[in-house]
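Below: the structure, in structure tokens.
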């Protein structure tokens with residue numbers, strides 16, 4: 001593994017290796033065991049999209065690993081004034097040991113990897129969110145013990161979260177069911193990958209998708225950059241909500257995850273969110289541990 005650009009690039013074995021290391025790093029942190037695997041290393045963090053969890057978890061994680069994080073706002077970089085990505089990649093490769101970028105276009109991430117000479121980590125694009133899904137998988141395994149025989153149900157927009165969840169969950173052996181309205185399904189590239197698996201289904205029925213689910217996951221109806229579509233999306237996604245009705249057809253011990261921020265009473269009810277807050281905020285914490293594992297695998301000597 002040279003970069004983390006998208007879940008499609010990872011093998012199932014690589015995903016499990018990252019999760020195992022994340023578990024180890026979490027244990028060491030909780031027990032006060034230092035792990036300065038990246039001592040003297042520098043990570044540049046380019047943000048073209050706002051962030052709470054991504055910025056704080058990467059910055060804290062790099063510090064805990066003994067390295068130094070640099071916050072690089074697109075407003076301050078020449079990339080924000082039109083410098084080609086390939087030039088930025090070649091310059092930053094001479095200063096840094098790794099780059100994390102949170103941006104809109106997947107091509108920007110791919111170009112950084114193509115023209116740079118250091119590891120590139122995708123902190124989120126409109127196409128995928130691999131760091132979040134690694135944290136989700138870590139959380140699922142923590143609460144369920146293993147992935148064997150589990151069904152993951154995603155309700156909502158066929159967006160970056162859905163894309164990465166479909167790929168990640170299928171690669172570790174879970175069954176996957178996705179419920180999206182017509183016109184909001186995942187892109188063809190993701191569906192072509194998923195349709196090779198017998199344990200994948202896509203439907204427009206949230207109830208059907210949630211039947212016998214072990215894990216239910218959702219995301220906001222309008223992601224960053226889609227705020228102008230909010231009212232249209234509210235109509236399109238009416239009924240695509242994790243609520244008591246859906247929980248009633250899932251397994252009794254099903255867990256609920258949300259990448260946050262959550263819009264209560266839209267994609268998830270307040271009642272369900274608070275009933276499953278333990279899982280949701282463990283999931284948020286696991287961003288730190290999963291990303292530390294990625295950085296160690298990519299940047300350690």
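Points worth noting:
- Relative contact order (%) - region 1-137, alpha-carbon pairs under 8 angstrom, separation at least six: 28
- Hydrodynamic radius (Kirkwood) for region 130-283, which is based on Cα pairs only, to one decimal in Å: 15.2
- Identified option (computed log10 I(q)/I(0) by the Debye sum over Cα atoms at q = 0.10, 0.14, 0.15 Å⁻¹; candidates [x] -0.76, -1.16, -1.24; [y] -0.65, -1.09, -1.17; [z] -0.52, -1.03, -1.17): [z]
- Region 78-137 and region 1-74 have Cα centres spaced 14 Å apart.
- Axis angle, to the nearest 10 degrees, between helix 106-115 and the longest C-alpha principal axis of the chain: 30 degrees.
- Ranked for footprinting exposure by Cβ neighbours inside 10 Å, fewest first, 267, 189, 59, 13 give 13, 189, 59, 267.
- Volume per residue of the C-alpha convex hull in region 1-149, rounded to whole Å³: 116
- Listed peptides 100-106, 233-239 by packing density, highest first (mean Cβ within 10 Å): 100-106, 233-239
- The stretch between residue 76 and residue 301, if pulled fully straight at 0.36 nm per residue, gains 78.0 nm over its current Cα-Cα span.
- Degrees separating the helix 53-64 axis from the principal Cα axis of the chain, which is the longest one: 50
- Here the label points at residue 27 and residue 260, each 7 Å from Cα along the C-beta direction, are separated by 2.5 nm in the simple model.
- Contact order relative to length of the chain, as percent, for alpha carbon pairs under 8 angstrom and 6 or more apart: 21
- Potential lengthening of the chain between residue 197 and residue 104 amounts to 30.6 nm, from the contour at 0.36 nm per residue minus the alpha-carbon distance.
- Helix axis angle, 12-30 relative to the chain longest principal axis, alpha carbon, degrees: 80
Each reported figure results from applying straightforward, stated rules to the coordinates on display, with no laboratory input. The structure presented is a predicted model; accordingly, all values stated were derived computationally and were not measured. A quick note on method: Cβ atoms are made from the backbone with ideal geometry, for glycine too, and the neighbour counts reach across all protein chains shown.
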